[in-house]
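Only the coordinates and a few stated rules stand behind these numbers; no lab work does. Predicted model only: the values in this text are computed from it and were never measured. Counting neighbours? That spans all protein chains shown, and the Cβs are built from the backbone with ideal geometry, glycine included.
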Amino acid sequence: MFPLDPIALIRRKLQKLKLDAVLLNTSEITQSTNLRYLSGFTGSDAAILINEDRLHLFTDGRYKIQSRIESPKFRVHITRGKIVSVVKVMRKLRVRRLGVEGNRISFDYVSALKRAAKEIEVVSFKAQELADLRIIKDGSELKMIKKAAQVASLACEQLLESGISGKSESEVAGRLGSLFKLGGASAESFETIVASGVRSALPHGSPTEKIIQSGDLVVIDYGCIISGYCSDETVTCVVGAPHPEQLKIHQVVKDAHDRAIEAIKPGIRAEDADRVARETISKAGYGKYFLHSLGHGVGLEVHEAPYLAPKSVSVIDSGMVFTIEPGIYIEGFGGVRLESLVYLSSTGPEILSGASKSLITVA
């Protein structure tokens, strides 16, 4: 499956929903990833207005040069009053029904827009109505995601080779972030998770000053950003020699991880992929300890469509990038999560992340 021209896709949505135009807004408070995707503009404050035959971008003087370089298809308006300029153009284009990105635009912004243009009806796009905009990755996007995955995996391998025993979770997370930067990443995709011992049963355990000790299970969930594109991967380690229950739980999670990936093919329903992993864990007696969905899409955001969950309506198709990340979390004992970043081609799944999903023993 090949990605559609995103501008053409958004215009199809306008026709389907009987809208005259769509307005996307990004600010220091609320960022619109779709604005960046549609226009190429990476600044911190802008709006774009798209109708059936015009493309307009509104920003301030800080981005006068940058906006014209990054958004050559858009007519750029440099303004100190963004809403006033937007309304002026909408009236010129005779916009009466305007679509906005409901989950990425503030109530205050919409209220100000309505006050300035009482004649315009503002309609909120539902999140799922824009979810497919970025769901298929083109070659340049895949290249950046692969690079981010490679940088992150190598950094994790270097971190573990140097040993983590006797170090705090926060120290380990900080070291990993530094290795990302040395590898060429601009930032972390999200706050790195380092959870050790009984804390490894926390699926989103932020690192603390707890010292990692011999015998601890350690879940490390991490990712980095290359040219705006994210990666996401999780490994589970044990400090020193693992005991039998740790080995057993890890093997169950690895079986679920591997079987889910083997089941992935173009056209599979996301809920069916989730079911493969969930049934594997349930049959081993740990079903109630799998506390989250199987995975999610990754791209300009670290969590985006498709969502691989028990009640997901998504269908997985070629060109999509997503995680496979089953886990078991037992309070008072610890947890195991294994996460790979996967690209689905027309011939099957390709694993982009490179760190081992076998149980890693570390010093």
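Which of 290, 180, 74 ends up with the largest GNM mean-square fluctuation for the chain, with Cα atoms connected below 10 Å?
Highest fluctuation of the listed residues: 74.
Please tell me the relative contact order of the stretch 299-359 in percent, rounded to the nearest whole number, where contacts are Cα pairs under 8 Å and at least six residues apart.
25 percent
Taking +1 at the Cβ of each Lys and Arg and -1 at the Cβ of each Asp and Glu, which of 352, 316, 276 sits farthest along the dipole of the stretch 219-363 towards its positive end, judged by Cα position relative to the Cα centre?
The residue sitting farthest along the positive end of the dipole is 276.
Identify which of 189, 340, 227 has the largest mean-square fluctuation in a Gaussian network model of the chain, with springs joining Cα atoms closer than 10 Å.
Ranking 189, 340, 227 by mean-square fluctuation puts 227 first.
Run the helix sum for the chain: -39,500 (n - 2.57) per DSSP H stretch of 4+ residues, divided by residue count, reported at 222 nm to the nearest 500 deg cm²/dmol.
It comes out at -10500 deg cm²/dmol, rounded to the nearest 500.
What number, in percent, do you get for the relative contact order of the stretch 139-362 if the mean sequence gap of Cα pairs under 8 Å and at least 6 apart is divided by its residue count?
Relative contact order, the stretch 139-362: 24 percent.
Give the relative contact order (percent, whole number) for the stretch 6-133; include only Cα pairs under 8 Å separated by 6+ residues.
25 percent
The stretch 27-127: which GluC sites (Glu not before Pro) are DSSP loop and have at most 16 other beta-carbon atoms within 10 angstrom?
28, 52, 119
Work through the residues other than residue 201 whose Cβ is under 15 Å from its Cβ and net out their charges, Lys, Arg +1 and Asp, Glu -1.
-1
Where Lys and Arg each count +1 and Asp and Glu each count -1, what net charge lies around residue 184 among other residues with Cβ under 14 Å from its Cβ?
+3
Taking the 0 to 90 degree range and rounding to the nearest ten, how far is the long axis of helix 82-92 tilted relative to the main principal axis of the chain, both from C-alpha atoms?
The helix 82-92 is inclined about 50 degrees to the chain.
Calculate how many DSSP beta bridges within the chain are antiparallel, expressed in % of all such bridges and rounded to the nearest 5.
That works out to approximately 75 percent antiparallel.
Given springs between every Cα pair under 10 Å in a Gaussian network model of the chain, which of 345, 196, 231 has the largest fluctuation?
345
Would you mind working out the magnitude of the charge dipole of the stretch 306-358 relative to its Cα centre, with +1 at each Lys and Arg C-beta and -1 at each Asp and Glu C-beta, to the nearest 20 Debye?
In debye, rounded to 20, the stretch 306-358 gives about 60.
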